[in-house]
């Protein structure tokens, strides 16, 4: 009887040791994979840092015709190690230069610590617009973010080498000044909304094309061809005879401006 108990105890001990060993191996493997991921992210960050310095350096000079004003821009490195997002309204020359070639994406998600992030779907949509329209300016407008990081914003990094992609933050206290929705912004009406993310995006998409002109695209819209082939001033239907607001093209003057004002 005692020998049977001893055997059972030995088996239990062996099984316990085996389980602990397997957990140890799993933990070691996880640490190894994490070290590989960090090494990969570091190498990508270093490569993209060189690309950013090449494309975004404000000191770039050429022997040929100088770049238009909107090309002179940079993301300033902060003491936190993050890069500051320039204010949209502080760089309005970018928007008024050939305004019919503006493309806007609105990111109204609320981010912790003001650190901008994108998911892979959003990055794919933005990149498709930039690749299909190399002569157009693609503005990615963040509502609640003020900075981005190479390590904590990995889906932003692939967009940085594109010279026609502009990451900007929206100042919600001033963006509505001089517009039909100025009083609404002053009251802070959006802050009291039960659907603040969705309603903020709905207002800003119309406000940006009203002020600056161009094309607004939802972040699930993949662009396959140049938008040059489309006429000016249009909305898109998603079916069933209803006009949606996922794609909007309105100009900052004429009938487009009038229509945007009436919708606001």
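Bear in mind these aren't lab numbers, they're just calculated from the coordinates by the rules spelled out. Source: prediction; values computed, not measured. Neighbour counts run over all protein chains shown; Cβ positions are idealised from the backbone, glycine included.
Summary of values
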{"read-out": "Region 231-257: number of residues that are touching a strand residue (DSSP E or B) at 6+ places or on another chain (Cβ under 7 Å), without any contact (Cβ under 8 Å) to a residue 40 or more places away in the chain and under 26 Å from residue 89 (Cα atoms)", "value": "5"}
{"read-out": "Residues of region 136-152 that turn out to be farther than 19 Å from residue 208 by Cβ and either in a loop (DSSP other than H, G, I, E, B) or over 14 Å from the mean Cα position of the chain (by Cα) (or both), as a count", "value": "4"}
{"read-out": "Residue 228 vs. criteria more than 18 Å from residue 134 (Cα to Cα) and either out of contact with any helix residue (DSSP H, G or I) (no Cβ under 8 Å at 6 or more places or on another chain) or in contact (Cβ under 8 Å) with a residue 12 or more places away in the chain (or both)", "value": "no"}
{"read-out": "Residue check, residue 220 under 19 Å from the mean Cα position of the chain (by Cα) and surrounded by 14 or more Cβ atoms within 10 Å (Cβ to Cβ)", "value": "no"}
{"read-out": "Residue, farthest from residue 203 (Cα to Cα), within region 231-262, restricted to residues that are exposed (fewer than 15 other Cβ atoms within 10 Å of the Cβ) and touching a helix residue (DSSP H, G or I) at 6+ places or on another chain (Cβ under 7 Å)", "value": "232"}
{"read-out": "Filter result (without any contact (Cβ under 8 Å) to a residue 60 or more places away in the chain, in a loop (DSSP other than H, G, I, E, B) and either more than 15 Å from the chain's Cα centre (by Cα) or farther than 25 Å from residue 96 by Cβ (or both)) within region 153-190", "value": "153, 155, 156, 172, 173, 176, 177, 178, 188"}
{"read-out": "Failed condition for residue 209, given (1) without any contact (Cβ under 8 Å) to a residue 60 or more places away in the chain; (2) part of a helix (DSSP H, G or I); (3) in contact with a helix residue (DSSP H, G or I) (Cβ under 6 Å, 6 or more places away or on another chain); (4) closer than 18 Å to residue 96 by Cα", "value": "(1)"}
